[in-house]
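A quick write-up on the structure given underneath.
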Amino acid sequence: MEHLEKIKQLIELREKAKQGGGENRIEAQHAKGKYTARERIEMLLDEGSFEEYDMFVTHRCRDFGLEDQLYLGDGVITGHGTIDGRVVYVFSQDFTVMGGSLSETFANKICKIMDQAIKVGAPIIGINDSGGARIQEGVMSLAGYAEIFHRNIMASGVVPQISAIFGPCAGGAVYSPALTDVIIMSEKNSYMFVTGPKVTKAVTGEDISVEDLGSAGVHTSKSGVAHFRAESEEEGILLIRKLLEYLPSNNLEDPIVTECTDPIDRLEEELNSIIPSNPNQPYDVKDIIYSLVDDREFLEMHRHYAKNIVVGFAKFNGIPVGIVANQPNYLAGVLDIDASKKAARFVRFCDAFNVPLVTLVDVPGFLPGSRQEHGGIIIHGAKLLFAYGEATVPKVTVTLRKSYGGAHDVMSSKQLRSDINYAWPSAEIAVMGAKGAIEILESSNVAKIEDPEERAKYIAQKETEYIEKFANPYMAARHGFIDDVIEPRNTRFRVIRALQTLATKKDTNPPRKHNNIPL
Ligand code: HXC
(Lines give C-alpha, C1' and ligand atoms only; values in the text may rest on other atoms or scores of the structure.)
Protein backbone atom coordinates (compact mmCIF):
# COMPACT_ATOMS: atom_id res chain seq x y z
CA MET A 1 0.00 0.00 0.00
CA GLU A 2 1.26 3.44 -0.91
CA HIS A 3 2.01 5.86 1.93
CA LEU A 4 -0.85 8.11 0.91
CA GLU A 5 -3.17 5.10 0.81
CA LYS A 6 -2.06 4.22 4.32
CA ILE A 7 -2.85 7.72 5.53
CA LYS A 8 -6.25 7.50 3.84
CA GLN A 9 -6.84 4.20 5.64
CA LEU A 10 -5.93 5.82 8.96
CA ILE A 11 -8.37 8.66 8.36
CA GLU A 12 -11.11 6.15 7.46
CA LEU A 13 -10.44 4.08 10.54
CA ARG A 14 -10.61 7.19 12.71
CA GLU A 15 -13.90 8.17 11.12
CA LYS A 16 -15.25 4.69 11.73
CA ALA A 17 -14.22 4.81 15.40
CA LYS A 18 -15.94 8.15 15.74
CA GLN A 19 -19.20 6.61 14.57
CA GLY A 20 -19.32 4.40 17.69
CA GLY A 21 -22.36 2.11 17.43
CA GLY A 22 -23.46 3.77 14.17
CA GLU A 23 -25.80 6.48 13.00
CA ASN A 24 -29.05 4.84 14.14
CA ARG A 25 -27.83 4.36 17.66
CA ILE A 26 -26.49 7.91 17.81
CA GLU A 27 -29.93 9.10 16.71
CA ALA A 28 -31.55 6.95 19.40
CA GLN A 29 -29.20 8.48 21.96
CA HIS A 30 -30.17 11.99 20.86
CA ALA A 31 -33.86 11.05 20.84
CA LYS A 32 -33.58 10.25 24.55
CA GLY A 33 -32.27 13.78 25.11
CA LYS A 34 -28.75 12.50 25.70
CA TYR A 35 -25.47 13.58 24.16
CA THR A 36 -23.04 11.02 22.78
CA ALA A 37 -19.86 10.11 24.63
CA ARG A 38 -17.79 12.18 22.20
CA GLU A 39 -20.05 15.20 22.35
CA ARG A 40 -19.75 15.14 26.13
CA ILE A 41 -15.96 15.15 25.97
CA GLU A 42 -16.04 18.00 23.48
CA MET A 43 -18.24 20.06 25.82
CA LEU A 44 -16.04 19.27 28.82
CA LEU A 45 -12.56 20.01 27.53
CA ASP A 46 -10.91 23.16 26.21
CA GLU A 47 -11.44 23.31 22.48
CA GLY A 48 -9.03 21.17 20.49
CA SER A 49 -7.25 19.84 23.60
CA PHE A 50 -8.45 16.23 23.52
CA GLU A 51 -5.84 13.55 22.83
CA GLU A 52 -7.52 10.20 22.44
CA TYR A 53 -5.95 6.88 23.40
CA ASP A 54 -6.85 3.39 22.22
CA MET A 55 -9.20 4.35 19.44
CA PHE A 56 -8.52 1.10 17.61
CA VAL A 57 -9.03 -1.27 20.55
CA THR A 58 -11.62 -4.01 20.02
CA HIS A 59 -12.91 -6.62 22.45
CA ARG A 60 -11.57 -10.18 22.60
CA CYS A 61 -14.81 -12.05 23.25
CA ARG A 62 -15.51 -14.88 20.83
CA ASP A 63 -18.76 -16.14 22.38
CA PHE A 64 -22.46 -15.44 21.81
CA GLY A 65 -21.80 -14.10 18.29
CA LEU A 66 -19.76 -11.19 19.62
CA GLU A 67 -16.92 -12.18 17.29
CA ASP A 68 -18.93 -10.44 14.53
CA GLN A 69 -19.68 -7.35 16.57
CA LEU A 70 -16.44 -5.43 16.68
CA TYR A 71 -16.53 -1.68 17.26
CA LEU A 72 -13.36 0.40 17.17
CA GLY A 73 -12.79 1.78 20.65
CA ASP A 74 -15.06 -0.86 22.22
CA GLY A 75 -17.62 1.40 23.88
CA VAL A 76 -15.51 3.83 25.86
CA ILE A 77 -13.60 6.92 24.79
CA THR A 78 -10.49 7.68 26.82
CA GLY A 79 -7.67 10.18 26.82
CA HIS A 80 -6.58 13.50 28.20
CA GLY A 81 -7.16 17.15 27.51
CA THR A 82 -7.25 20.41 29.39
CA ILE A 83 -9.79 22.37 31.42
CA ASP A 84 -8.86 26.05 31.73
CA GLY A 85 -5.44 25.02 30.51
CA ARG A 86 -4.87 22.35 33.21
CA VAL A 87 -4.41 18.69 32.26
CA VAL A 88 -7.22 16.25 33.09
CA TYR A 89 -7.78 12.61 32.17
CA VAL A 90 -11.19 11.53 31.04
CA PHE A 91 -13.21 8.47 30.10
CA SER A 92 -16.65 8.64 28.58
CA GLN A 93 -18.78 5.52 28.22
CA ASP A 94 -20.45 5.15 24.83
CA PHE A 95 -23.97 3.78 25.20
CA THR A 96 -24.25 3.38 21.42
CA VAL A 97 -21.82 0.44 21.56
CA MET A 98 -23.51 -2.51 23.24
CA GLY A 99 -25.17 -0.24 25.76
CA GLY A 100 -21.83 1.06 26.98
CA SER A 101 -21.36 -2.32 28.65
CA LEU A 102 -17.97 -2.98 30.20
CA SER A 103 -15.68 -5.60 28.64
CA GLU A 104 -12.15 -6.61 29.57
CA THR A 105 -10.64 -4.27 26.97
CA PHE A 106 -13.04 -1.44 27.92
CA ALA A 107 -11.77 -1.73 31.50
CA ASN A 108 -8.15 -1.84 30.33
CA LYS A 109 -8.64 1.43 28.49
CA ILE A 110 -9.97 3.12 31.62
CA CYS A 111 -7.21 1.65 33.78
CA LYS A 112 -4.56 2.93 31.37
CA ILE A 113 -5.64 6.55 31.73
CA MET A 114 -6.15 6.21 35.49
CA ASP A 115 -2.61 4.88 35.93
CA GLN A 116 -1.23 7.73 33.89
CA ALA A 117 -3.33 10.35 35.69
CA ILE A 118 -1.95 9.20 39.05
CA LYS A 119 1.64 9.37 37.75
CA VAL A 120 1.13 12.76 36.11
CA GLY A 121 -0.88 14.11 39.07
CA ALA A 122 -3.96 15.14 37.12
CA PRO A 123 -7.68 14.84 37.94
CA ILE A 124 -9.71 11.90 36.59
CA ILE A 125 -13.16 12.59 35.20
CA GLY A 126 -15.48 9.67 34.43
CA ILE A 127 -18.68 10.05 32.42
CA ASN A 128 -20.93 7.07 33.07
CA ASP A 129 -23.65 5.82 30.73
CA SER A 130 -23.61 2.05 30.71
CA GLY A 131 -25.66 -1.12 31.00
CA GLY A 132 -23.00 -2.51 33.36
CA ALA A 133 -20.92 -5.65 33.00
CA ARG A 134 -20.87 -6.95 29.40
CA ILE A 135 -22.87 -10.05 30.07
CA GLN A 136 -21.19 -12.11 27.32
CA GLU A 137 -17.76 -11.62 28.91
CA GLY A 138 -18.70 -13.05 32.29
CA VAL A 139 -15.97 -12.92 34.91
CA MET A 140 -13.61 -10.99 32.63
CA SER A 141 -15.97 -8.08 33.00
CA LEU A 142 -16.18 -8.47 36.77
CA ALA A 143 -12.40 -8.51 36.95
CA GLY A 144 -12.33 -5.38 34.80
CA TYR A 145 -14.55 -3.54 37.27
CA ALA A 146 -12.40 -4.61 40.19
CA GLU A 147 -9.28 -3.33 38.36
CA ILE A 148 -10.99 0.06 38.04
CA PHE A 149 -12.19 0.04 41.66
CA HIS A 150 -8.66 -0.62 42.86
CA ARG A 151 -7.34 2.33 40.88
CA ASN A 152 -10.15 4.53 42.26
CA ILE A 153 -8.94 3.58 45.73
CA MET A 154 -5.28 4.23 44.92
CA ALA A 155 -6.14 7.59 43.34
CA SER A 156 -8.29 8.64 46.31
CA GLY A 157 -6.74 11.65 48.01
CA VAL A 158 -3.98 11.75 45.36
CA VAL A 159 -5.83 13.29 42.41
CA PRO A 160 -9.39 14.64 42.39
CA GLN A 161 -11.86 12.15 40.91
CA ILE A 162 -15.19 13.39 39.59
CA SER A 163 -18.00 11.20 38.25
CA ALA A 164 -20.85 12.31 36.04
CA ILE A 165 -23.80 9.94 35.69
CA PHE A 166 -25.62 10.70 32.45
CA GLY A 167 -27.40 7.39 31.93
CA PRO A 168 -27.76 4.01 33.61
CA CYS A 169 -25.23 3.07 36.30
CA ALA A 170 -26.33 -0.14 37.94
CA GLY A 171 -25.10 -3.23 39.72
CA GLY A 172 -21.55 -3.30 41.03
CA ALA A 173 -20.75 -0.61 38.45
CA VAL A 174 -22.01 1.98 40.93
CA TYR A 175 -18.99 1.39 43.10
CA SER A 176 -16.56 3.16 40.82
CA PRO A 177 -18.39 6.50 41.12
CA ALA A 178 -19.02 5.78 44.80
CA LEU A 179 -15.25 5.64 45.36
CA THR A 180 -14.70 9.03 43.75
CA ASP A 181 -14.84 12.46 45.39
CA VAL A 182 -17.89 13.92 43.68
CA ILE A 183 -20.91 12.45 41.89
CA ILE A 184 -23.00 14.60 39.56
CA MET A 185 -26.25 13.13 38.19
CA SER A 186 -28.30 14.52 35.35
CA GLU A 187 -31.93 15.16 36.30
CA LYS A 188 -33.29 13.15 33.36
CA ASN A 189 -32.06 9.78 32.12
CA SER A 190 -29.69 8.94 34.95
CA TYR A 191 -30.13 6.40 37.69
CA MET A 192 -27.97 4.44 40.09
CA PHE A 193 -28.76 1.30 42.09
CA VAL A 194 -27.00 -1.85 43.22
CA THR A 195 -30.02 -4.01 42.39
CA GLY A 196 -32.74 -2.90 39.97
CA PRO A 197 -36.53 -2.99 40.34
CA LYS A 198 -36.89 -6.56 38.99
CA VAL A 199 -34.43 -8.16 41.40
CA THR A 200 -35.78 -6.00 44.21
CA LYS A 201 -39.27 -7.33 43.52
CA ALA A 202 -38.08 -10.94 43.30
CA VAL A 203 -36.02 -10.82 46.49
CA THR A 204 -38.02 -8.54 48.76
CA GLY A 205 -41.46 -8.32 47.13
CA GLU A 206 -41.15 -4.53 47.01
CA ASP A 207 -42.67 -2.93 43.92
CA ILE A 208 -40.69 0.15 43.00
CA SER A 209 -39.94 2.09 39.84
CA VAL A 210 -36.50 2.89 38.49
CA GLU A 211 -37.05 6.56 39.41
CA ASP A 212 -38.15 5.89 42.96
CA LEU A 213 -35.25 3.54 43.45
CA GLY A 214 -32.33 5.50 42.10
CA SER A 215 -33.06 8.76 40.29
CA ALA A 216 -30.98 11.91 40.65
CA GLY A 217 -33.69 13.24 42.98
CA VAL A 218 -33.41 10.24 45.27
CA HIS A 219 -29.63 10.28 45.43
CA THR A 220 -29.23 14.01 45.96
CA SER A 221 -31.89 14.35 48.64
CA LYS A 222 -32.50 10.98 50.33
CA SER A 223 -29.43 8.77 50.12
CA GLY A 224 -26.80 11.49 49.80
CA VAL A 225 -24.92 9.31 47.29
CA ALA A 226 -24.77 12.13 44.71
CA HIS A 227 -23.58 15.66 45.40
CA PHE A 228 -25.16 17.51 42.50
CA ARG A 229 -28.37 17.18 40.50
CA ALA A 230 -27.86 18.89 37.13
CA GLU A 231 -30.87 20.05 35.14
CA SER A 232 -29.11 19.13 31.93
CA GLU A 233 -25.92 17.45 30.80
CA GLU A 234 -24.56 20.88 29.87
CA GLU A 235 -25.07 22.04 33.45
CA GLY A 236 -23.42 18.85 34.74
CA ILE A 237 -20.38 19.47 32.55
CA LEU A 238 -20.16 23.10 33.68
CA LEU A 239 -20.24 21.91 37.29
CA ILE A 240 -17.24 19.67 36.65
CA ARG A 241 -15.31 22.59 35.17
CA LYS A 242 -16.35 24.86 38.05
CA LEU A 243 -15.38 22.34 40.73
CA LEU A 244 -11.86 22.12 39.35
CA GLU A 245 -11.41 25.87 39.90
CA TYR A 246 -11.34 25.18 43.64
CA LEU A 247 -9.12 22.10 43.57
CA PRO A 248 -5.43 21.54 42.88
CA SER A 249 -4.50 18.94 40.26
CA ASN A 250 -3.14 16.64 42.97
CA ASN A 251 -2.46 16.39 46.71
CA LEU A 252 1.07 17.79 46.42
CA GLU A 253 -0.14 21.08 44.98
CA ASP A 254 -2.19 23.89 46.48
CA PRO A 255 -5.40 25.16 44.89
CA ILE A 256 -4.75 27.98 42.46
CA VAL A 257 -5.18 31.49 43.90
CA THR A 258 -6.79 33.74 41.32
CA GLU A 259 -6.96 37.50 40.95
CA CYS A 260 -9.81 39.07 42.88
CA THR A 261 -11.51 42.36 42.13
CA ASP A 262 -13.95 42.21 45.04
CA PRO A 263 -12.52 44.57 47.72
CA ILE A 264 -11.12 42.68 50.69
CA ASP A 265 -12.18 45.38 53.17
CA ARG A 266 -15.75 45.61 51.91
CA LEU A 267 -17.89 46.30 55.02
CA GLU A 268 -21.20 44.47 55.06
CA GLU A 269 -23.35 46.67 57.28
CA GLU A 270 -26.36 44.34 57.21
CA LEU A 271 -24.32 41.62 58.91
CA ASN A 272 -24.34 43.73 62.09
CA SER A 273 -28.09 43.14 62.35
CA ILE A 274 -28.59 39.82 60.56
CA ILE A 275 -28.78 37.72 63.73
CA PRO A 276 -32.34 37.94 65.11
CA SER A 277 -32.61 39.17 68.70
CA ASN A 278 -34.79 36.17 69.54
CA PRO A 279 -32.30 33.28 69.80
CA ASN A 280 -34.94 30.84 68.59
CA GLN A 281 -35.60 32.74 65.38
CA PRO A 282 -33.99 31.23 62.28
CA TYR A 283 -32.12 33.03 59.50
CA ASP A 284 -30.49 31.79 56.33
CA VAL A 285 -26.77 31.25 56.85
CA LYS A 286 -26.33 31.29 53.07
CA ASP A 287 -27.10 35.04 53.14
CA ILE A 288 -24.06 35.40 55.38
CA ILE A 289 -21.91 33.18 53.15
CA TYR A 290 -22.85 35.13 50.02
CA SER A 291 -22.03 38.46 51.61
CA LEU A 292 -18.63 37.28 52.87
CA VAL A 293 -17.15 35.51 49.82
CA ASP A 294 -15.71 36.93 46.60
CA ASP A 295 -18.37 38.14 44.18
CA ARG A 296 -21.12 36.29 46.11
CA GLU A 297 -20.05 33.07 44.37
CA PHE A 298 -20.66 29.91 46.38
CA LEU A 299 -20.63 26.43 44.84
CA GLU A 300 -22.81 24.47 47.22
CA MET A 301 -22.35 20.69 47.38
CA HIS A 302 -25.06 18.31 48.63
CA ARG A 303 -27.58 21.18 48.50
CA HIS A 304 -30.66 18.97 48.84
CA TYR A 305 -29.31 16.57 51.48
CA ALA A 306 -29.02 17.19 55.24
CA LYS A 307 -29.95 20.83 54.78
CA ASN A 308 -29.19 21.58 58.43
CA ILE A 309 -25.56 21.91 57.43
CA VAL A 310 -24.27 23.77 54.38
CA VAL A 311 -21.02 22.79 52.64
CA GLY A 312 -19.38 24.06 49.47
CA PHE A 313 -16.58 25.97 47.82
CA ALA A 314 -15.96 29.70 47.55
CA LYS A 315 -13.05 32.12 47.39
CA PHE A 316 -11.73 34.78 49.77
CA ASN A 317 -9.56 37.30 47.91
CA GLY A 318 -9.03 34.60 45.27
CA ILE A 319 -8.06 31.90 47.80
CA PRO A 320 -10.21 28.78 47.31
CA VAL A 321 -11.77 27.54 50.56
CA GLY A 322 -14.23 24.93 51.72
CA ILE A 323 -17.06 26.40 53.78
CA VAL A 324 -18.96 24.45 56.43
CA ALA A 325 -21.88 26.25 58.08
CA ASN A 326 -24.71 25.18 60.36
CA GLN A 327 -28.04 26.23 58.86
CA PRO A 328 -30.44 27.69 61.48
CA ASN A 329 -33.12 27.77 58.78
CA TYR A 330 -33.46 23.99 58.78
CA LEU A 331 -33.98 21.95 61.98
CA ALA A 332 -32.43 24.92 63.81
CA GLY A 333 -29.02 23.88 62.40
CA VAL A 334 -28.85 20.87 64.70
CA LEU A 335 -26.21 18.19 64.07
CA ASP A 336 -27.76 14.84 63.22
CA ILE A 337 -26.50 11.66 61.55
CA ASP A 338 -26.82 12.87 57.96
CA ALA A 339 -25.39 16.32 58.64
CA SER A 340 -22.40 14.82 60.46
CA LYS A 341 -21.65 12.40 57.61
CA LYS A 342 -22.10 15.07 54.96
CA ALA A 343 -19.82 17.57 56.65
CA ALA A 344 -17.21 14.97 57.67
CA ARG A 345 -16.80 13.81 54.09
CA PHE A 346 -16.49 17.38 52.89
CA VAL A 347 -13.91 18.32 55.52
CA ARG A 348 -11.80 15.29 54.56
CA PHE A 349 -12.16 16.10 50.86
CA CYS A 350 -10.85 19.63 51.49
CA ASP A 351 -8.04 18.45 53.75
CA ALA A 352 -6.93 15.79 51.24
CA PHE A 353 -6.51 18.49 48.58
CA ASN A 354 -5.07 21.32 50.70
CA VAL A 355 -8.20 23.46 50.58
CA PRO A 356 -8.44 25.67 53.72
CA LEU A 357 -11.59 25.38 55.82
CA VAL A 358 -13.80 28.25 56.93
CA THR A 359 -16.43 27.16 59.46
CA LEU A 360 -19.45 29.27 60.43
CA VAL A 361 -20.98 28.04 63.67
CA ASP A 362 -24.56 28.35 64.87
CA VAL A 363 -25.40 24.99 66.38
CA PRO A 364 -27.82 24.27 69.23
CA GLY A 365 -26.32 20.77 69.75
CA PHE A 366 -26.89 17.23 68.58
CA LEU A 367 -30.43 16.11 67.71
CA PRO A 368 -31.85 14.16 70.67
CA GLY A 369 -34.04 11.06 70.40
CA SER A 370 -34.09 7.31 69.94
CA ARG A 371 -34.02 7.52 66.13
CA GLN A 372 -30.71 9.29 66.26
CA GLU A 373 -29.26 7.24 69.12
CA HIS A 374 -30.32 3.93 67.60
CA GLY A 375 -29.13 5.09 64.21
CA GLY A 376 -25.66 5.56 65.65
CA ILE A 377 -25.31 9.32 66.09
CA ILE A 378 -22.44 8.55 68.45
CA ILE A 379 -20.36 6.99 65.69
CA HIS A 380 -21.55 9.36 62.95
CA GLY A 381 -21.06 12.49 65.02
CA ALA A 382 -17.58 11.20 65.80
CA LYS A 383 -16.82 11.22 62.07
CA LEU A 384 -17.10 14.99 61.93
CA LEU A 385 -15.15 15.40 65.15
CA PHE A 386 -12.44 13.15 63.72
CA ALA A 387 -12.40 14.89 60.36
CA TYR A 388 -11.87 18.33 61.89
CA GLY A 389 -9.32 17.02 64.38
CA GLU A 390 -7.14 15.33 61.77
CA ALA A 391 -7.34 18.14 59.20
CA THR A 392 -4.04 20.00 58.86
CA VAL A 393 -5.15 22.65 56.35
CA PRO A 394 -5.61 26.24 57.58
CA LYS A 395 -8.78 26.33 59.68
CA VAL A 396 -10.68 29.52 60.44
CA THR A 397 -13.82 29.39 62.56
CA VAL A 398 -16.39 32.13 63.12
CA THR A 399 -19.05 31.54 65.77
CA LEU A 400 -22.12 33.51 64.74
CA ARG A 401 -24.55 32.55 67.45
CA LYS A 402 -25.06 29.27 69.31
CA SER A 403 -22.23 26.90 69.99
CA TYR A 404 -23.44 24.47 72.60
CA GLY A 405 -22.23 21.28 74.19
CA GLY A 406 -20.50 18.52 72.26
CA ALA A 407 -21.43 20.24 69.03
CA HIS A 408 -19.27 23.20 70.11
CA ASP A 409 -16.24 20.96 70.36
CA VAL A 410 -17.03 19.26 67.04
CA MET A 411 -17.47 22.41 64.96
CA SER A 412 -13.79 23.23 64.46
CA SER A 413 -13.12 24.29 68.04
CA LYS A 414 -9.73 25.60 69.13
CA GLN A 415 -8.83 22.31 70.79
CA LEU A 416 -9.25 20.45 67.48
CA ARG A 417 -6.36 22.53 66.14
CA SER A 418 -8.45 25.23 64.56
CA ASP A 419 -5.98 28.02 63.86
CA ILE A 420 -8.01 31.19 64.24
CA ASN A 421 -11.35 31.29 66.03
CA TYR A 422 -13.46 34.44 65.91
CA ALA A 423 -16.85 35.06 67.44
CA TRP A 424 -19.49 37.65 66.79
CA PRO A 425 -20.82 39.54 69.85
CA SER A 426 -24.05 37.53 69.39
CA ALA A 427 -22.20 34.26 70.09
CA GLU A 428 -23.39 32.00 72.90
CA ILE A 429 -20.72 29.47 73.81
CA ALA A 430 -21.73 27.21 76.68
CA VAL A 431 -22.44 23.65 77.74
CA MET A 432 -26.13 24.05 76.99
CA GLY A 433 -28.89 26.62 76.51
CA ALA A 434 -30.36 28.54 79.45
CA LYS A 435 -33.63 26.60 79.56
CA GLY A 436 -32.02 23.17 79.75
CA ALA A 437 -29.36 24.33 82.17
CA ILE A 438 -31.81 25.87 84.63
CA GLU A 439 -34.08 22.81 84.48
CA ILE A 440 -31.16 20.68 85.62
CA LEU A 441 -29.45 23.06 88.03
CA GLU A 442 -32.55 24.44 89.70
CA SER A 443 -34.93 21.46 89.74
CA SER A 444 -34.86 20.96 93.50
CA ASN A 445 -35.22 24.69 94.24
CA VAL A 446 -38.06 25.00 91.72
CA ALA A 447 -39.87 22.03 93.26
CA LYS A 448 -39.99 23.83 96.60
CA ILE A 449 -41.96 26.79 95.15
CA GLU A 450 -45.65 26.00 95.23
CA ASP A 451 -47.16 29.09 93.63
CA PRO A 452 -46.93 28.59 89.80
CA GLU A 453 -46.50 32.31 89.19
CA GLU A 454 -43.67 32.57 91.69
CA ARG A 455 -42.12 29.46 90.18
CA ALA A 456 -42.20 30.92 86.65
CA LYS A 457 -40.72 34.17 87.94
CA TYR A 458 -37.91 32.31 89.69
CA ILE A 459 -37.10 30.25 86.58
CA ALA A 460 -37.13 33.38 84.38
CA GLN A 461 -34.79 35.16 86.77
CA LYS A 462 -32.39 32.22 86.88
CA GLU A 463 -32.47 31.92 83.09
CA THR A 464 -31.65 35.60 82.72
CA GLU A 465 -28.75 35.23 85.14
CA TYR A 466 -27.50 32.21 83.16
CA ILE A 467 -27.81 34.02 79.83
CA GLU A 468 -25.93 37.05 81.16
CA LYS A 469 -23.18 34.85 82.51
CA PHE A 470 -22.83 32.19 79.81
CA ALA A 471 -24.71 33.13 76.61
CA ASN A 472 -21.93 35.29 75.24
CA PRO A 473 -18.51 34.86 73.65
CA TYR A 474 -16.52 36.40 76.48
CA MET A 475 -16.26 33.40 78.80
CA ALA A 476 -14.60 31.46 75.94
CA ALA A 477 -12.57 34.54 74.93
CA ARG A 478 -11.32 34.90 78.48
CA HIS A 479 -9.82 31.42 78.23
CA GLY A 480 -8.32 32.06 74.79
CA PHE A 481 -10.69 29.56 73.13
CA ILE A 482 -11.85 32.47 70.99
CA ASP A 483 -9.01 34.57 69.59
CA ASP A 484 -11.09 37.69 69.11
CA VAL A 485 -14.65 38.94 69.19
CA ILE A 486 -15.21 40.76 65.91
CA GLU A 487 -17.71 43.12 64.38
CA PRO A 488 -19.89 41.12 61.99
CA ARG A 489 -19.63 43.69 59.18
CA ASN A 490 -15.85 43.32 59.17
CA THR A 491 -15.83 39.51 58.96
CA ARG A 492 -14.75 39.26 55.31
CA PHE A 493 -11.62 41.26 55.98
CA ARG A 494 -10.76 39.33 59.15
CA VAL A 495 -11.21 35.97 57.44
CA ILE A 496 -9.09 37.03 54.46
CA ARG A 497 -6.30 38.26 56.70
CA ALA A 498 -6.46 35.01 58.65
CA LEU A 499 -6.24 32.94 55.46
CA GLN A 500 -3.37 35.03 54.10
CA THR A 501 -1.48 34.63 57.37
CA LEU A 502 -2.08 30.89 57.42
CA ALA A 503 -1.09 30.35 53.78
CA THR A 504 2.30 28.94 54.78
CA LYS A 505 0.95 26.88 57.68
CA LYS A 506 2.58 23.47 58.18
CA ASP A 507 1.13 20.85 60.46
CA THR A 508 1.37 17.08 60.55
CA ASN A 509 -0.18 14.05 62.18
CA PRO A 510 1.80 11.22 63.81
CA PRO A 511 3.17 8.59 61.42
CA ARG A 512 0.92 5.53 61.11
CA LYS A 513 -0.33 3.11 58.47
CA HIS A 514 -3.66 4.94 58.42
CA ASN A 515 -6.05 6.23 61.04
CA ASN A 516 -9.18 4.36 62.07
CA ILE A 517 -11.88 6.98 61.56
CA PRO A 518 -15.16 5.61 62.98
CA LEU A 519 -16.76 4.58 59.67
C1 HXC B 1 -24.21 -6.60 27.00
C2 HXC B 1 -25.79 -4.97 26.81
C3 HXC B 1 -25.78 -4.77 28.20
C4 HXC B 1 -24.92 -5.57 28.97
C5 HXC B 1 -27.17 -3.40 27.34
N6 HXC B 1 -26.67 -4.10 26.33
N7 HXC B 1 -26.65 -3.79 28.49
N8 HXC B 1 -25.00 -5.87 26.23
N9 HXC B 1 -24.15 -6.46 28.33
N10 HXC B 1 -24.84 -5.42 30.28
C11 HXC B 1 -26.98 -3.98 24.91
C12 HXC B 1 -28.40 -4.44 24.61
O13 HXC B 1 -28.40 -5.82 24.41
C14 HXC B 1 -28.71 -3.65 23.37
O15 HXC B 1 -28.11 -4.29 22.28
C16 HXC B 1 -27.98 -2.36 23.58
O17 HXC B 1 -27.00 -2.62 24.58
C18 HXC B 1 -28.88 -1.26 24.07
O19 HXC B 1 -29.62 -1.75 25.16
P20 HXC B 1 -31.21 -1.62 25.26
O21 HXC B 1 -31.65 -2.61 26.26
O22 HXC B 1 -31.81 -1.66 23.91
O23 HXC B 1 -31.33 -0.12 25.78
P24 HXC B 1 -32.40 0.47 26.78
O25 HXC B 1 -33.78 0.02 26.40
O26 HXC B 1 -32.14 1.92 26.82
O27 HXC B 1 -32.08 -0.17 28.19
C28 HXC B 1 -30.87 0.11 28.85
C29 HXC B 1 -30.67 -0.84 30.05
C30 HXC B 1 -30.82 -2.30 29.58
C31 HXC B 1 -31.73 -0.51 31.08
C32 HXC B 1 -29.30 -0.54 30.62
O33 HXC B 1 -29.98 -2.50 28.44
C34 HXC B 1 -30.43 -3.27 30.62
O35 HXC B 1 -31.19 -3.57 31.56
N36 HXC B 1 -29.24 -3.86 30.46
C37 HXC B 1 -28.75 -4.87 31.35
C38 HXC B 1 -28.35 -4.27 32.63
C39 HXC B 1 -27.73 -5.28 33.53
O40 HXC B 1 -28.41 -6.11 34.14
N41 HXC B 1 -26.41 -5.29 33.54
C42 HXC B 1 -25.63 -6.14 34.34
C43 HXC B 1 -25.67 -5.52 35.71
S44 HXC B 1 -24.70 -6.41 36.78
P45 HXC B 1 -28.88 -4.50 20.91
O46 HXC B 1 -27.83 -5.01 19.99
O47 HXC B 1 -29.96 -5.46 21.18
O48 HXC B 1 -29.40 -3.16 20.55
C49 HXC B 1 -23.27 -5.64 36.69
C50 HXC B 1 -22.30 -6.25 37.58
C51 HXC B 1 -21.14 -5.35 37.72
O52 HXC B 1 -23.06 -4.76 35.98
C53 HXC B 1 -20.30 -5.98 38.75
C54 HXC B 1 -19.18 -5.11 39.14
C55 HXC B 1 -18.51 -5.65 40.34
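Just a few scattered comments:
- Loop-located GluC sites (Glu not before Pro) in the stretch 1-108 (DSSP state other than H, G, I, E, B) with a sparse environment of at most 16 neighbouring Cβ atoms within 10 Å: E2, E47.
- Size of charge dipole - the stretch 407-519 - debye, nearest 20, with Cβ of Lys, Arg +1 and Asp, Glu -1, no other charges: 980 debye
- Computed label-point distance, nm, for sites L70 and E235 using a 7 Å Cα→Cβ extension: 4.4 nm
- Net lengthening on full extension, V120/E12 (0.36 nm per residue, minus Cα-Cα): 35.7 nm
- Antiparallel DSSP beta bridges within the chain, as percent of all bridges there, nearest 5: 40 percent
- Per residue, the accessible area of the stretch 70-128 comes to 24 Å² when a 1.4 Å probe rolls over the protein heavy atoms.
- Under 21 Å from K448, Cα to Cα: lysines that are on another chain or at least 8 residues apart: K435, K457, K462
- Solvent-accessible area of D483, all protein chains in place: 80 Å² (probe radius 1.4 Å, heavy atoms, ligands and nucleic acids excluded).
- Residue (of N490, A170, T508) at the positive-pole extreme of the chain, dipole from beta-carbon charges: T508
- Modelled FRET efficiency - R0 41 Å, A146 with N490, Cβ distances, 0.05 increments: 0.15
- Largest first, the residues V431, V182 sort by 1.4 Å accessible area into V431, V182.
- Spatial separation of Cα centroids for the stretch 266-308 and the stretch 182-255, in angstrom: 27 Å
- Cα centre as origin, Lys/Arg/Asp/Glu Cβ charges: the stretch 183-269 dipole, Debye: 680 debye
- L4 versus E27: modelled label distance in nm, points set 7 Å from Cα along the beta carbon direction: 3.6 nm
- Dividing the mean sequence gap of close Cα pairs (under 8 Å, 6+ apart) by how many residues the stretch 308-366 holds gives a relative contact order of 41 percent.
- Dividing the mean sequence gap of close Cα pairs (under 8 Å, 6+ apart) by how many residues the stretch 67-141 holds gives a relative contact order of 34 percent.
- Surface composition of the chain: carbon plus sulfur atoms hold 54% of the accessible area, using a 1.4 angstrom probe and ignoring ligands, DNA and RNA.
- Length added when fully stretched, L267-E453, from 0.36 nm per residue minus Cα-Cα: 62.3 nm
- Between R303 and S209, the simple label model (points 7 Å from Cα in the Cβ direction) yields a spacing of 2.4 nm.
- Remark: the A178-N509 segment gains 116.5 nm on full extension, using 0.36 nm per residue and subtracting the alpha carbon distance.
- Charge-dipole axis of the stretch 266-372 as Lys and Arg at +1 and Asp and Glu at -1 on Cβ define it, positive-most pick from N317, S291, Y305: Y305
- The value of relative contact order for the chain, using C-alpha pairs under 8 Å at least six residues apart, is 9 percent.
- Highest-first arrangement of 55-64, 261-270, 432-441, where packing means the average Cβ count within 10 Å: 432-441, 55-64, 261-270
- FRET efficiency, T501 to E373 (Cβ-Cβ, R0 41 Å, nearest 0.05): 0.50
- Partners for K342 among aspartates and glutamates (Cα-Cα distance below 16 Å; same-chain residues under 8 apart left out): D181, E300, D351
- Magnitude of the charge dipole, the chain, Cβ model with Lys/Arg +1 and Asp/Glu -1, debye to 20: 1140 debye
The values are calculated or read from the model by the stated rules, or taken from the named source; none is laboratory data. Fair warning: this is a prediction, and the values are worked out from it, not measured in the lab. Neighbour counts run over all protein chains shown; Cβ positions are idealised from the backbone, glycine included. When the accessible area is computed, the model is the full protein with side chains, heavy atoms only, and any ligands, DNA or RNA have been set aside. Shrake-Rupley method; radii C 1.70, N 1.55, O 1.52, S 1.80 Å.
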